[in-house]
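Notes for the one structure printed next.
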């Protein structure tokens, strides 16, 4: 498998995450200090500082989780997919989606989830259990992954239709990748997207790709890779 990765963007966003993390802590501490010996003015400043600090902490959590943690989610996924043939190309922050796998059967959009507790689907993605505090800070919240996948596929399709005929458009599938070793996968038979353990990702993709009867021609595959190779 080939990897096309935007290291410049990753480095920049890692810096943003680390700086925002220190800034958020600093503002929260400032707000706490201002709450000592309170006066109407100090109380107002403390309140504003706590709100701003919380918002910046949320922002830093987003960037740190994706760009500053070691190993990063994309590194874990790339390591699992590494034994795929050279017909596959894994795009990391260099396409309309954060991560994108282009192969002879079509396109896969892996979306990491750190949700805690039990992950299941009942009309929408849900979770039970897990850490309330981590959910509050967005670290173990299931969110709306199907909407994220749908949005990614729309953006990918928009990029592809600029260069490809409608008949050349590949099959595209989103797949949730469970990153939290403490979480479990519950009832997901009615889910609109697959969800797998990180270590089962390559096996799952191979299984589904083998079932595709009309894959991409070498010419179409080359066109798709050329489109994403040129995406900043």
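The values are calculated or read from the model by the stated rules, or taken from the named source; none is laboratory data. Note that the structure is predicted; figures quoted are calculated from it, not measured. All Cβ positions, even for glycine, are placed from backbone atoms using ideal geometry, and neighbour counts span all protein chains on display.
At a glance:
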| item | result |
| --- | --- |
| 2 or more residues more than 30 Å from residue 211 (Cβ to Cβ): qualifying helices (runs of 4 or more DSSP H) within segment 1-115 | 7-34, 40-63 |
| Residues (within 15 Å of residue 113 (Cβ to Cβ), out of contact with any strand residue (DSSP E or B) (no Cβ under 7 Å at 6 or more places or on another chain) and either assigned by TED's automatic domain parsing to the domain that holds residue 6 or not in a helix (DSSP H, G or I) (or both)) located in segment 174-228 | 180, 181, 182, 192 |
| Enumeration of residues in segment 209-220 that are out of contact with any helix residue (DSSP H, G or I) (no Cβ under 6 Å at 6 or more places or on another chain), surrounded by 11 or more Cβ atoms within 10 Å (Cβ to Cβ) and either modelled with pLDDT of 95 or more or more than 23 Å from residue 79 (Cα to Cα) (or both) | 212, 215, 216, 217 |
